[in-house]
Amino acid sequence: MDFTARTAEQIGEALRRTRKGRGWTQSDISARTNLRVATISSLENGDAGTKLATVLAVMAALGLEFRLVERGGSLEIEDIF
């Protein structure tokens, strides 16, 4: 599964969709990362103040990784779904 995300909100939405696609709750992610559920919720809601280490911890728990690519056309995450 590939997501294109250019904003904190789009990253949060991609993480939420991945989590829900696995049938996991925010509590499941919390248990896997030792982060508070409130922190997971804030990330999924696109809080731009979320630390990069937090994003990476949640991504690792979900089995995801960053791929940096040159910006292409105007494809938005909403266009994927």
* Size of the dipole of the chain about the Cα centre, Lys and Arg at +1 and Asp and Glu at -1 on the beta carbon, nothing else charged, in debye to 20? -> 360 debye
* Theoretical ellipticity at 222 nm over the chain - DSSP helices of four or more residues, -39500 (n - 2.57) apiece, nearest 500 -> -15500 deg cm²/dmol
* To do: Please give the length that would be gained between residue 60 and residue 45 if that part of the chain were fully extended, namely 0.36 nm times their separation in residues minus their C-alpha to C-alpha distance (nm, one decimal).
  => 3.6 nm
* Neighbourhood charge, 9 Å Cβ-Cβ cut-off, centred on residue 28 and excluding it, Lys, Arg +1 and Asp, Glu -1 -> +3
* To do: Could you work out how far apart the two model spin labels at residue 1 and residue 20 are, taking each label as a point 7 Å from the Cα in the direction of the beta carbon, and quote it in nm?
  => 1.0 nm
* Return a whole-number percent for the relative contact order of the chain, with Cα pairs under 8 Å and 6 or more residues apart as the contact set. => 39 percent
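Read-outs throughout are calculated quantities, based only on the coordinates presented, and are distinct from any laboratory measurement. These figures come from a predicted structure and were not determined experimentally. As a convention, Cβ positions derive from the backbone with ideal geometry for all residues, glycine included, and neighbour counts pool all protein chains shown.
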